[in-house]
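Taking it in order: structure first as structure tokens, then the write-up.
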Amino acid sequence: MRLCSIASGSSGNCIYVGSETAHLLVDAGISGRRTESGLRELGLTPGEIDGILVTHEHADHISGLGVIVRKYEIPVYATAGTIEAMRSNGNLGMLDGELFHEVKEDQKFTIKDLTVNPMHISHDAAQPVGYRISYGNKRVAVCTDLGVYNDYTVECLKGMDALLLEANHDVNMLQVGPYPYYLKKRILGDRGHLSNESSGQLLCRILHDGLRAVFLGHLSKENNLPELAFESVRMEINMADNPYRAGDFDIRVARRGEVTPAIEV
């Protein structure tokens, strides 16, 4: 099974997860052309995609969805709240209703040889979810856009072989930056985004010997730096009361403008 970030950041998100026979995208928040180009780097075409798992209806997660779904008739999987929000905002254009498939938190479903298990997340969207995807005994997760985590989140992410986890902002950069007060309050709130430090603290609770690799994703262009996210998360791990050190794991930053090397599990 492979996990790869085609694009990840506050300006657009598109993640690939697949096996030899099943190929999925988590979100389609970049242009159809960029999606096609990213898939080509993975040796795939959009016509081979078996489904797009949508986390929520914000533009940086669905801006390219309408174009690519219409062109290739790819099934779309999302919660009822997300489907309704996408349809009501009118940004997707006309789509065949039969392509939409409703999913529910903590109810597994299969797409070919992949098992998908949505998880609840705390974000200011209609009904947002993260996704855990398994192939046999291998498991990966994509979990971004959560303002806060709890014991449920930790339990959901335990035992993963690889994951993409949000490290959205540096708190100090956000506080002194140009964003208006209401937006800073939103990002820092319980339905906003995880800071670098919170991401590292969450990661500390799910580290285990079998964890192969971690992508740090959904970085803010204005309120974070890749090097800062990387070092902040590493520092949280090294300072934590656990038997691990950051160097024990392959930790990478998922970039907004380039396809990351795939993680094989």
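The values are calculated or read from the model by the stated rules, or taken from the named source; none is laboratory data. Everything numeric here is computed off the predicted structure, so don't read it as measured data. Please note: Cβ atoms are built from the backbone with ideal geometry, for glycine as well, and neighbour counts cover all protein chains shown. Side chains included, ligands, DNA and RNA excluded: accessible areas come from the protein's heavy atoms. Shrake-Rupley method; radii C 1.70, N 1.55, O 1.52, S 1.80 Å.
Once the range 246-265 is narrowed to residues that are assigned to a helix (DSSP H, G or I) and open to solvent by 60 Å² or more (accessible area, probe 1.4 Å), the residue that is nearest to Met1 (Cα to Cα) is Asp248. Take Gly130 and decide whether it is over 28 Å from His23 (Cα atoms) and either open to solvent by less than 30 Å² (accessible area, probe 1.4 Å) or within 17 Å of the chain's Cα centre (by Cα) (or both). Spelling it out, it is not the case that Gly130 is over 28 Å from His23 (Cα atoms) and either open to solvent by less than 30 Å² (accessible area, probe 1.4 Å) or within 17 Å of the chain's Cα centre (by Cα) (or both). When Val154, Val148, Val176 are checked against the criterion of being open to solvent by less than 10 Å² (accessible area, probe 1.4 Å) and modelled with pLDDT of 95 or more, a single residue qualifies: Val154. Is there a residue in the range 131-143 that is among the aromatic types (Phe, Trp, Tyr) and closer than 20 Å to Val26 by Cα? Within the range 131-143, one or more residues are among the aromatic types (Phe, Trp, Tyr) and closer than 20 Å to Val26 by Cα.
So for the range 31-39 (the condition being in contact (Cβ under 8 Å) with a residue 40 or more places away in the chain and within 25 Å of Leu183 (Cβ to Cβ)), does at least one residue qualify? No, every residue in the range 31-39 fails to be in contact (Cβ under 8 Å) with a residue 40 or more places away in the chain and within 25 Å of Leu183 (Cβ to Cβ). Report whether or not Thr110 is in contact with a strand residue (DSSP E or B) (Cβ under 9 Å, 6 or more places away or on another chain), closer than 30 Å to Asp151 by Cβ and polar (S, T, N, Q). Yes. Please work out if Val154 is part of a loop (DSSP other than H, G, I, E, B) and without any contact (Cβ under 8 Å) to a residue 60 or more places away in the chain. No: the conditions fail for Val154.
Does Ala28 count as farther than 20 Å from Leu3 by Cα and either surrounded by 20 or more Cβ atoms within 10 Å (Cβ to Cβ) or of a type outside the set (Asp, Glu) (or both)? Judged against the criteria, Ala28 is not a match.
For the range 65-85, filtered to residues that are crowded, with 23+ Cβ neighbours inside 10 Å and not β-branched (Val, Ile, Thr), the residue that is nearest to Ser10 (Cα to Cα) is Leu65.
Does Ile237 fit the bill of being at pLDDT 95 or above and in a helix (DSSP H, G or I)? Criteria met by Ile237.
Considering Arg191, Arg205, the condition of being of a type outside the set (Asp, Glu), within 21 Å of Val142 (Cβ to Cβ), open to solvent by 20 Å² or more (accessible area, probe 1.4 Å) and assigned to a loop (DSSP other than H, G, I, E, B) is satisfied by Arg191 alone. Total residues in the range 2-25 satisfying the condition of being assigned to a loop (DSSP other than H, G, I, E, B), touching a strand residue (DSSP E or B) at 6+ places or on another chain (Cβ under 7 Å) and open to solvent by 20 Å² or more (accessible area, probe 1.4 Å): the figure is 0.
For Val116, the conditions (1) assigned to a helix (DSSP H, G or I); (2) among the aliphatic types (A, V, I, L, M); (3) open to solvent by less than 30 Å² (accessible area, probe 1.4 Å) all hold with the exception of (1).
The criterion of at least 2 residues that are among the aliphatic types (A, V, I, L, M) is met, among helices (runs of 4 or more DSSP H) falling completely within the range 28-91, by 59-62, 65-72, 80-89. Among the residues of the range 80-93, those that are within 19 Å of Ser31 (Cα to Cα) and touching a residue at least 12 places away in the same chain (Cβ under 8 Å) comprise Met86, Asn89, Asn91, Leu92, Gly93.
For the range 156-181, the set of residues classified as touching a helix residue (DSSP H, G or I) at 6+ places or on another chain (Cβ under 9 Å) and of a type in the set (D, E, K, R) consists of Lys158, Glu166, Asp170, listed by residue number.
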